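Notes follow the structure.
The values are calculated or read from the model by the stated rules, or taken from the named source; none is laboratory data. Since we're looking at a predicted model, the values are computed, not measured. Here the Cβ is made from the backbone with ideal geometry for all residues, glycine too, and neighbour counts use every protein chain on show. Calculation scope for accessible area: heavy atoms of the full protein, side chains included, ligands and nucleic acids excluded. Shrake-Rupley method; radii C 1.70, N 1.55, O 1.52, S 1.80 Å.
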Protein chains: 2
Amino acid sequence: MEDYFPLFEKLWRELREFTESPGSEAANRVAFTYSDHASRRWLRDIWNQMGLKTDIDGVGNLVGISGSPPYVLLSSHTDTVPQGGHFDGILGVLAATVVAAHWTESPGLLLVDWSSEESSRFGISTFGSRLAVGEDRPHYWDTTDGRGRRLADVVASTYGYPKKPTLQLHDYQILAALELHIEQGTELYEAGVPMGVVTAIAAPQRWQVSLTGQANHSAGTPMARRHDALAAMAEVIAAVERMSQEREDAGLRTTITQISASPGAPNVIAGECRATIDVRVQSGRLLKQYRSDLNEVLKNISERRGVQASLGQISGEEPGALDSRLVALLSQTLTEAGIPHQPILSWPSHDSLPLSRHLPTAMLFVRNPSGISHNGAEFIGHDDVRIALDAYYHAVRAIHRQFQGGDSHVATE
Amino acid sequence: MEDYFPLFEKLWRELREFTESPGSEAANRVAFTYSDHASRRWLRDIWNQMGLKTDIDGVGNLVGISGSPPYVLLSSHTDTVPQGGHFDGILGVLAATVVAAHWTESPGLLLVDWSSEESSRFGISTFGSRLAVGEDRPHYWDTTDGRGRRLADVVASTYGYPKKPTLQLHDYQILAALELHIEQGTELYEAGVPMGVVTAIAAPQRWQVSLTGQANHSAGTPMARRHDALAAMAEVIAAVERMSQEREDAGLRTTITQISASPGAPNVIAGECRATIDVRVQSGRLLKQYRSDLNEVLKNISERRGVQASLGQISGEEPGALDSRLVALLSQTLTEAGIPHQPILSWPSHDSLPLSRHLPTAMLFVRNPSGISHNGAEFIGHDDVRIALDAYYHAVRAIHRQFQGGDSHVATE
């Protein structure tokens, strides 16, 4: 087995050195900030030195082409959440770099470091990859960050869109898309296997529950005459938690993460209450059933308590089943390479979710001993990084060998 | 029966005319604002015209003395919450004025319009009456309003404290304190009686529940591995509501009115959650038992969910049983006057609560058909105002007749 680790470690240390703030033990490469841009330029230089044909497109996607079509697309992201982890995203980008550096075969590789995979700054996740598969949405561009700067202005001043065009994947002959990522959970660690072959990515959706009761004097109003929006929301929170516990094995994970109650005076019963539900669901059927069940719960609570309830959707994507032929091929390849692995569902979202709607797409996960992610304490053991790089190289080679010859794919909008 | 209503209505309409904002159907006389101060000056002029000896003390308490000691103290407040009701407080002040205007007997009346009964601006309720019974607290003076102005500065610039002294009730020979107030609930209306004789005032207390769990990725963290502070708080809210429902008849009414959860990001499980409990309780024994029961609930929730819980007290007063001899006298007096009435507990707090700790104190409530209070829609029927004024006059006279002759009281600190 070839040792891909030294190059990976060299690049990984170099990146940490110039993007880590003094005194911070976390990675801080928030999209469209100086350190994010500097990381892309640094990586472009490395890819240039390796002989790749490179470009940073109009929205910040870094592209590197090795060889001739058809290509295997190897991609992930260098950007992080604030105080993020040292492997999230960057593992996949550096693994693609390492594979390209050691690539001795003729068929092509298309490397991409996607722009703004994280939603931290503008609330839009997998921004660069969505645009690259043609999923542009007009409202993206008017979205503002915490300081009121428009996404369109930030992107235009940094990367030049729309004057400089965005990478469009349907311009390329691509066999398949592959992404290596750290698991943001402990399923692999607990199963005692270093690698996972992702079979599907949960739909990330955000819903809002709004309850309207009646504000009244907290001392003067008897319990039986109340229409307390916050007490009603407590029932909703409990129901959402219980429904998620009961349906988690079936592929549903939901969380109420944000809450506000008004008027918020210490001696006034809450007349209004709002909450955000983070919904992650592995199938469209389950999503539909859950929405129906939740509406039933809201109806029951609102009738019993004399409050008005509404359920709105803030954002929503469909779940993405990854390519079953690729899943089978990766499993077989890892087995042949002697790398213990198992199928795994991804609850968090990744660039591979928009890609999977347009290309045969697969993901490999590496185990995460603590389950911590989006946090400087995120960690992968060096031996596991070695295993992952080896697995990734084998996977790319297997796809090229298996998929070539009339089996190429062109991304469709 | 003498008709006290014309004078009451004349004064009430006059006050509404110059303190109502154009376009607002509510009363807006928030403590230490222009309209609050103007109301006191207007009322002082009226009391002067009636021949009372008047003063506005160093914190804004308006005092009017009629006749010689011993006195019956007739008091309430003109200040309101923002967008407040047209009877809350002012009913008692104007009723005292009407009684004094029609008073044909020799013994004395001490009228007081208390400063800042409402806590809207500085969070401190019954401010003027607390100071007048000697319950000054150093921290009051550094409390700031929403614009950062210190209470001490506002009071000093408006009324001159400490250069100008505050009324001290122990300087006066007082037989008893009496307050007439609108009920801030519908108990009397539902019972079909116009008047209530208050037997006790619930302890107003504010507690804070703080829960600390673990912030983590809402997609990546399995349900069984969560320490969700908001989901834990939902259990607390449900428990507080249930405990209040079960104990309301015994004299407990509790409400969670304010909540905040952090970090408040849409895809992060809440690591911390805080909530304010408004506690109203009619006996010290029940208060102690409730605190113990709630701590038990918190212990159970925190152990089961792996969160840390703490219960703190923001503010707290003891419940006040009103003077039983006065309660009996007022009941007898109303019966003799042919006015239907019943005993009633006061859940909201009033100036009579601090007074009751130092003086024999009684309150009369007038029925409130809608139960709405702290709201421009607050309402009493004119016939009920007539009945209330008549009852109030009879009550003052009965106290003077019954309590005179060696039975006078001096307020003690």
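Pairs linking a residue in the stretch A:68-93 that is crowded, with 24+ Cβ neighbours inside 10 Å to a residue that is part of a loop (DSSP other than H, G, I, E, B) and of a type in the set (Lys, Arg), with Cβ atoms under 8 Å and 6 or more positions apart or on different chains, are A:Thr78/A:Arg29; A:Asp79/A:Arg29; A:Thr80/A:Arg29. Scanning the stretch A:371-379 for residues that are under 15 Å from the mean Cα position of the chain (by Cα) and away from chain B (no Cβ under 14 Å) turns up nothing. Taken together, A:Gly160, A:Gly146 contain a single residue that is closer than 25 Å to A:Ser373 by Cβ, of a type outside the set (Ser, Thr, Tyr) and assigned by TED's automatic domain parsing to the domain that holds A:Gly89, which is A:Gly146. Filtered by the rule that a residue be over 29 Å from A:Ala362 (Cβ atoms) and surrounded by fewer than 14 Cβ atoms within 10 Å (Cβ to Cβ), the stretch A:122-152 gives A:Pro138, A:His139, A:Asp142, A:Gly146, A:Arg147, A:Gly148.
Is the stretch A:162-177 home to any residue that is open to solvent by less than 10 Å² (accessible area, probe 1.4 Å), within 20 Å of A:Pro348 (Cβ to Cβ) and touching a Leu at 6+ places or on another chain (Cβ under 8 Å)? Within the stretch A:162-177, one or more residues are open to solvent by less than 10 Å² (accessible area, probe 1.4 Å), within 20 Å of A:Pro348 (Cβ to Cβ) and touching a Leu at 6+ places or on another chain (Cβ under 8 Å). When the stretch A:208-230 is filtered for residues that are open to solvent by less than 10 Å² (accessible area, probe 1.4 Å) and modelled with pLDDT of 95 or more, the ones remaining, listed by number, are A:Val209, A:Leu211, A:Ala229, A:Leu230. Within the bounds of the stretch B:301-309, is there any residue that is in contact with a His (Cβ under 6 Å, 6 or more places away or on another chain), of a type in the set (A, V, I, L, M) and closer than 29 Å to B:Gly128 by Cβ? No, the conditions are met nowhere in the stretch B:301-309. Count of the stretch B:178-207 residues, restricted to those that are crowded, with 23+ Cβ neighbours inside 10 Å and of a type in the set (Asp, Glu), is 2.
The set of residues in the stretch B:22-56 that are more than 16 Å from B:Gly160 (Cα to Cα), assigned to a loop (DSSP other than H, G, I, E, B) and either under 21 Å from the mean Cα position of the chain (by Cα) or not assigned by TED's automatic domain parsing to the domain that holds B:Thr166 (or both) comprises B:Ala26, B:Asn28, B:Arg29, B:Val30. In this structure, A:Gly381 does satisfy being open to solvent by less than 30 Å² (accessible area, probe 1.4 Å) and free of Cβ contacts under 8 Å to residues at least 40 places away in the same chain. Restricting B:Val98, B:Val59, B:Val93, B:Val63 to residues that are within 21 Å of the chain's Cα centre (by Cα) and under 21 Å from B:Asp390 (Cβ atoms) narrows the list to B:Val93.
Of the residues in the stretch A:390-398, none is assigned by TED's automatic domain parsing to the domain that holds A:Ala95, open to solvent by 30 Å² or more (accessible area, probe 1.4 Å), out of contact with any helix residue (DSSP H, G or I) (no Cβ under 6 Å at 6 or more places or on another chain) and not basic (Lys, Arg). In the stretch B:304-318, the residues that are more than 14 Å from chain A (Cβ to nearest Cβ) and touching a residue at least 60 places away in the same chain (Cβ under 8 Å) reach residues that are part of a strand (DSSP E or B) and β-branched (Val, Ile, Thr) with C-beta atoms within less than 6 angstrom, at least six apart or across chains, in these pairs: B:Gln308/B:Thr212; B:Leu311/B:Val209. Residues considered: A:Val155, A:Val112. Of these, the only one that is crowded, with 23+ Cβ neighbours inside 10 Å, in contact (Cβ under 8 Å) with a residue 60 or more places away in the chain, away from chain B (no Cβ under 14 Å) and among the β-branched types (Val, Ile, Thr) is A:Val155. Reported count of residues in the stretch A:153-210, each being of a type in the set (Phe, Trp, Tyr) and closer than 30 Å to A:His37 by Cα, is 3. Candidates are the residues of the stretch A:170-190 that are out of contact with any Ser or Thr (no Cβ under 9 Å at 6 or more places or on another chain) and in contact (Cβ under 8 Å) with a residue 40 or more places away in the chain; the one that is farthest from A:Ile201 (Cα to Cα) is A:Tyr172.
Within the stretch B:328-335, not a single residue is within 14 Å of chain A (Cβ to nearest Cβ) and not basic (Lys, Arg). The requirement of being more than 19 Å from A:Ala96 (Cα to Cα) and in a strand (DSSP E or B) is not satisfied by A:Pro348. The strands (runs of 3 or more DSSP E) found entirely in the stretch A:169-274 that carry 3 or more residues being under 30 Å from A:Pro340 (Cα atoms) and more than 10 Å from chain B (Cβ to nearest Cβ) are A:173-182, A:195-201. Inside the stretch B:282-308, residues that are touching a Ser or Thr at 6+ places or on another chain (Cβ under 7 Å) and open to solvent by less than 40 Å² (accessible area, probe 1.4 Å) make up a count of 1. Of all the criteria given as (1) free of Cβ contacts under 8 Å to residues at least 40 places away in the same chain; (2) touching a Gly at 6+ places or on another chain (Cβ under 8 Å); (3) open to solvent by less than 20 Å² (accessible area, probe 1.4 Å); (4) polar (S, T, N, Q), the one not satisfied by B:Thr255 is (2). The residue that is nearest to B:His394 (Cα to Cα), among those in the stretch B:353-370 that are of a type in the set (Ser, Thr, Tyr) and more than 14 Å from chain A (Cβ to nearest Cβ), is B:Thr361.
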